[in-house]
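Undergrad: Below is one structure. I have some questions about it.
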Amino acid sequence: MQASLLFGQFLGGLTTAMFLFLIASGLSLVFGVMRVLNFAHGSFYMIGAYLAWQVVHWLTPALFGFWVAVLAASLGVALLGAIIERLLLRHLYGREELYQLLFTYALVLILGDAAKAAWGTQQLSVSRPPLLAGGLDIFGATLPTYNLLIMLIGPAIAIAGWLALARTTGGRMVRAAALDREMLGALGADVGAIYTGMFVVSSFLAGLSGALVTPIQSIVPGMDVEIIVDAFIVVVIGGLGSFWGTFWGSVIYGQVLSFGILVFPSFSIFSVFALMAVILIVRPWGLFGRPMR
Amino acid sequence: MSRRNSALRRQIPWTLVVFLAAFSIPWLGSRYDTFLGTQIAIDALFAVSLNLLLGTTGLVSFGHVAYFGIGAYVCGILTKTYGVPFSLALPAAALGAGGFALVFGFFCVRLTKIYFAMLTLAFSQIVWAICFKWNDVTGGDQGLPDVPYPDLDWMSAIPGFGDLRIGGQFYLLTLLLVTLSLAAMRRIIASPFGRMLTTIRENPERAAFIGVDVRAYELAAFVVAGGFAGIAGALFGIFNRGVFADYVYWPKSAEVMIMTILGGIDYFWGPVVGAATLVLLNQQITSYTEYWPLVLGIILLVLLFAFPGGIVGGIAAGLARLGRWNGRRADA
C-alpha cells in the first residue's frame with residue numbers, strides 16, 4: 001500500500017473528524033451542563049445547512065456571499081435554539097430523562113418536516129467559496145483548500161471553547177452549573193440564564209457546522225437523523241460532557257472510519273458502532289470523561 | 001382506581017368484548033379494516049413488549065427496534081430462503097430476538113439511565129449496520145422482498161373461514177398470536193417476578209438491599225421483552241410482504257416509544273390504546289397531508305406538556321375525579 005494513499009486516508013479522516021467535532025461539541029456542552037441528550041442537535045445542523053443555502057442563493061453574485069451565509073445561518077439557528085429553550089425546554093428540566101429525550105425527538109419530527117415544507121425534498125448544493133476552490137498537494141495527496149480551512153477552524157474552536165470554559169468567569173459559572181445546579185443557584189447566580197446561554201451556544205455551533213458542510217456535502221432531508229448518531233458516537237467515545245474528550249473522540253472516529261474502509265470496505269460503519277459499544281461497556285463515561293452521578 | 005371503576009369493569013368483560021369485536025373484522029369490515037386491524041395488533045404487541053421495560057421495570061430502552069428487526073429477519077430468512085414452515089420460524093424468531101437481547105442486555109443492564117439508553121441505541125445501530133450491509137444473508141439495502149404467507153390451509157378447513165381472503169386469515173392468525181402473547185405478558189407482570197420488576201423500578205437500591213439481584217431481574221425482563229418484540233417483528237415481516245433494513249433504523253425505536261407513552265406507560269393496556277390511536281390517526285391524517293411527522297411531533301409535544309400520563313392515564317384521572325365528585329354529592 002502506498003504511503004501517499006495512507007496519508008490521503010489520514011487527511012480525509014481528519015477532515016471528517018473536524019466536522020464531527022464542530023457538531024458534537026455543542027451536543028456535548030448541552031449534555032455536560034444540562035444533562036439533556038439533544039436528538040434535535042442534528043436537526044439544528046440541517047436547518048443551518050438549509051439557511052446557508054438560502055442566503056447564498058439570495059446573494060449569489062457577491063464575493064463574500066458564502067461567509068455572510070455561514071454567519072447568518074449560525075445566528076439564525078442560535079435564535080431558534082433560544083426560542084425553543086425559553087418557550088419549551090426549560091419546563092422539562094425537572095422531569096425524567098425519558099420525557100426530555102422524547103421532547104427533543106418531537107423537535108426532530110417537527111423541524112424535519114418544516115425543512116421539507118420550506119425547501120422541498122430535492123438535493124441542494126452550495127459551491128465552494130471562490131477563494132478556496134483550489135487544492136493543495138501534500139506528500140502526494142491532494143487536499144482541497146477548503147478542507148484545510150476546516151482543519152484549522154476545528155482546533156481553533158476547540159482552543160477558544162477550552163479557554164472560555166477554563167479561564168473566563170462565564171466559563172467557571174458554566175462548570176459550576178454542571179457540577180451542582182442548586183448550589184450555584186443558592187449562591188445567587190442566574191442558572192436559568194446560564195442554561196439558555198449554553199443552549200444558544202450549542203445551537204450556534206450546530207448551525208455553523210451545518211453551514212460549513214454545504215460545500216462538501218449536498219443538503220438532503222434525512223441528513224439530520226444520520227448525523228446525530230455519528231455525533232452520539234463521538235461524544236460517547238470521548239466522554240459525554242467532556243470538551244477535550246469530544247475533540248479526541250472526533251479524531252478517533254474519523255480515523256477509524258477512514259482506515260476501516262481500507263480494511264473491511266463494506267463494514268467500516270460497523271466498526272465505529274462497535275467501538276461505541278465497547279467503550280460504553282468498558283468505560284461508560286468515555287475515554288476522557290469522569291464517572292458521574 | 002376507585003371502587004366505581006372496578007365495579008364497571010366487573011359488569012362488562014371489556015377484554016372479551018374488544019377481542020370479539022376485533023375477531024369479527026374480516027367478516028364485518030372491509031379489506032382495508034382488516035389491513036388496519038393487522039397493523040394495530042402487531043404494533044400493540046411491539047409497544048406492550050417495550051412497556052415491559054419502560055413502564056414495568058423503568059428501563060428506557062432506545063434500541064427496542066433491534067429485537068423487532070431480528071425477529072423479522074430470522075422469520076423472513078427461514079421461511080423465504082430455507083423454506084422452513086412458519087410454525088417453526090416463529091418460535092425461532094422469538095428465540096433469536098431473545099438470544100440477542102440476552103447478549104446485548106448482559107452489557108446494557110450494567111449501565112443506568114442515559115447510558116443504558118445510549119448503549120441500547122448503539123446495539124440497535126450495530127444490528128442496523130449488519131442488516132444494511134450483509135447482502136448475502138439479509139439482502140442489504142435491497143432487503144428481503146416477498147416473504148411468503150404461512151400455510152393457512154388448516155384455517156380454511158374450519159367452516160366459515162374458508163371463503164376469507166389470505167389477508168383476512170393472516171389477520172386472524174396475527175390476532176390469535178398477539179392475544180396469546182399479551183395474555184402471557186399480563187401473567188408475567190402479575191407474577192411475583194413482575195412485582196419484583198416494579199419494585200426495582202421504584203427503588204433499585206432498596207431492592208438490592210433486600211437481596212434481589214437487580215441486574216439479573218433487569219436482564220430477564222430485557223430478554224422477555226426482546227422475545228415478544230421478535231414475535232411482533234416476524235408477523236410484521238409477513239404482513240408487509242418483506243423485511244427491510246429500515247425496520248431497524250433508530251427512529252423506529254422512537255416511534256414505538258411514542259405509541260407506548262401516548263397510550264400511557266402506567267397501564268397494561270396503555271400501549272395497546274396508543275398503538276391503535278396512532279395507526280388510525282396516521283391513516284386519517286395521511287389522506288389530508290404528507291406532513292405526518294409534523295403532526296406526530298405536535299401530538300408528542302401536547303402529550304409531554306399536557307398529558308404526561310398518556311390517553312389511558314388521562315381517562316383514569318378523569319374518571320377518578322368524576323368518582324370523587326359523585327362521592328362528594330352523596331356525602332352532602
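Undergrad: Determine which member of the set A:A158, A:A166, A:A141 is more than 14 Å from chain B (Cβ to nearest Cβ) and without any contact (Cβ under 8 Å) to a residue 40 or more places away in the chain.
TA: Within the list A:A158, A:A166, A:A141, the selection yields A:A166.
Undergrad: Just to check your reading of the model, which residue among B:G237, B:G230, B:G297 is in contact with a Phe, Trp or Tyr (Cβ under 7 Å, 6 or more places away or on another chain) and part of a helix (DSSP H, G or I)?
TA: Residue meeting the stated conditions: B:G230.
Undergrad: Go through region B:102-116 and count every residue that is at the interface with another protein chain (Cβ under 7 Å from one of its Cβ atoms) and modelled with pLDDT of 85 or more.
TA: 1
Undergrad: If you don't mind, another one. Just for helices (runs of 4 or more DSSP H) wholly inside region A:146-213: which have at least 2 residues that are surrounded by 20 or more Cβ atoms within 10 Å (Cβ to Cβ)?
TA: Because the criterion is at least 2 residues that are surrounded by 20 or more Cβ atoms within 10 Å (Cβ to Cβ), the helices (runs of 4 or more DSSP H) in region A:146-213 that meet it are A:169-179, A:191-213.
Undergrad: Can I ask one more? Kindly indicate the residue of region B:240-266 that is among the small types (G, A, S) and in a helix (DSSP H, G or I) and also farthest from the other protein chains (Cβ to nearest Cβ) among those meeting that condition.
TA: B:G263
Undergrad: Among residues belonging to region A:75-112 that are modelled with pLDDT of 85 or more and of a type in the set (F, W, Y), point out the one that is nearest to A:G222 (Cα to Cα).
TA: Among those that are modelled with pLDDT of 85 or more and of a type in the set (F, W, Y), it is A:Y105.
Undergrad: Any chance you could count how many residues in region B:174-206 are under 17 Å from B:A47 (Cβ atoms) and surrounded by fewer than 15 Cβ atoms within 10 Å (Cβ to Cβ)?
TA: Counting residues in region B:174-206 that are under 17 Å from B:A47 (Cβ atoms) and surrounded by fewer than 15 Cβ atoms within 10 Å (Cβ to Cβ) gives 3.
Undergrad: How do the pairs read when you match residues in region B:267-282 that are closer than 18 Å to B:Y32 by Cβ and assigned to a helix (DSSP H, G or I) with residues anywhere that are modelled with pLDDT under 90 and of a type outside the set (A, V, I, L, M), using Cβ under 8 Å and keeping only pairs 6 or more apart or on different chains?
TA: B:A275/B:G263; B:T277/B:G263; B:N282/B:W292
Undergrad: Right, here's the next one. Of the numbered conditions (1) surrounded by fewer than 19 Cβ atoms within 10 Å (Cβ to Cβ); (2) facing chain B (nearest Cβ under 10 Å), A:A277 fails exactly one; give the number of that condition.
TA: Single failed check for A:A277: (1).
Undergrad: List the helices (runs of 4 or more DSSP H) inside region B:88-182, counting only whole elements, that have at least 2 residues being touching a residue at least 60 places away in the same chain (Cβ under 8 Å).
TA: Per the criteria, B:113-133, B:135-138.
Undergrad: Of all residues in region B:255-278, how many are surrounded by fewer than 21 Cβ atoms within 10 Å (Cβ to Cβ) and of a type in the set (A, V, I, L, M)?
TA: Residues in region B:255-278 being surrounded by fewer than 21 Cβ atoms within 10 Å (Cβ to Cβ) and of a type in the set (A, V, I, L, M): 1 in total.
Undergrad: Oh, and also: Any residue in region B:128-145 that is more than 11 Å from every other protein chain (Cβ to nearest Cβ), more than 30 Å from B:E202 (Cα to Cα), under 24 Å from the mean Cα position of the chain (by Cα) and surrounded by fewer than 16 Cβ atoms within 10 Å (Cβ to Cβ)?
TA: yes
Undergrad: Checking the condition under 22 Å from A:I83 (Cβ atoms) and at pLDDT 90 or above, which residue from A:G192, A:G207 passes?
TA: Testing whether each residue is under 22 Å from A:I83 (Cβ atoms) and at pLDDT 90 or above leaves just A:G207.
Undergrad: Does region B:281-289 include one or more residues that are among the β-branched types (V, I, T), modelled with pLDDT of 85 or more and buried (at least 19 other Cβ atoms within 10 Å of the Cβ)?
TA: No, region B:281-289 contains no residue that is among the β-branched types (V, I, T), modelled with pLDDT of 85 or more and buried (at least 19 other Cβ atoms within 10 Å of the Cβ).
Undergrad: Hey, another quick one. For B:T120, state whether it is more than 23 Å from the chain's Cα centre (by Cα) and either surrounded by fewer than 15 Cβ atoms within 10 Å (Cβ to Cβ) or more than 9 Å from chain A (Cβ to nearest Cβ) (or both).
TA: For B:T120, the condition - more than 23 Å from the chain's Cα centre (by Cα) and either surrounded by fewer than 15 Cβ atoms within 10 Å (Cβ to Cβ) or more than 9 Å from chain A (Cβ to nearest Cβ) (or both) - is not met.
Undergrad: Right, here's the next one. Mind checking which residues of region A:234-258 are modelled with pLDDT under 85 and within 17 Å of A:G42 (Cβ to Cβ)?
TA: A:V236, A:L240
Undergrad: If A:I269 satisfies every condition in (1) buried (at least 22 other Cβ atoms within 10 Å of the Cβ); (2) at the interface with chain B (Cβ under 9 Å from one of its Cβ atoms); (3) within 19 Å of the chain's Cα centre (by Cα) but one, which is the exception?
TA: Here A:I269 clears every test but (1).
Undergrad: Within region B:50-72, is there a residue that is in contact (Cβ under 8 Å) with a residue 24 or more places away in the chain and over 27 Å from A:F232 (Cβ atoms)?
TA: No, region B:50-72 contains no residue that is in contact (Cβ under 8 Å) with a residue 24 or more places away in the chain and over 27 Å from A:F232 (Cβ atoms).
Undergrad: Hey, could you check region A:61-99 for residues that are aliphatic (A, V, I, L, M) and assigned to a loop (DSSP other than H, G, I, E, B) and say which is nearest to the other protein chains (Cβ to nearest Cβ)?
TA: Among those residues, the one meeting the criterion is A:L88.
Undergrad: Moving on. Looking at (1) touching a Leu at 6+ places or on another chain (Cβ under 9 Å); (2) modelled with pLDDT under 90; (3) under 23 Å from B:F268 (Cβ atoms), which is the one condition that is false for B:N203?
TA: Against the list (1) touching a Leu at 6+ places or on another chain (Cβ under 9 Å); (2) modelled with pLDDT under 90; (3) under 23 Å from B:F268 (Cβ atoms), B:N203 comes up short only on (1).
The values are calculated or read from the model by the stated rules, or taken from the named source; none is laboratory data. Quantities reported herein were computed from a predicted structural model and do not represent experimental measurements. All Cβ positions, even for glycine, are placed from backbone atoms using ideal geometry, and neighbour counts span all protein chains on display.
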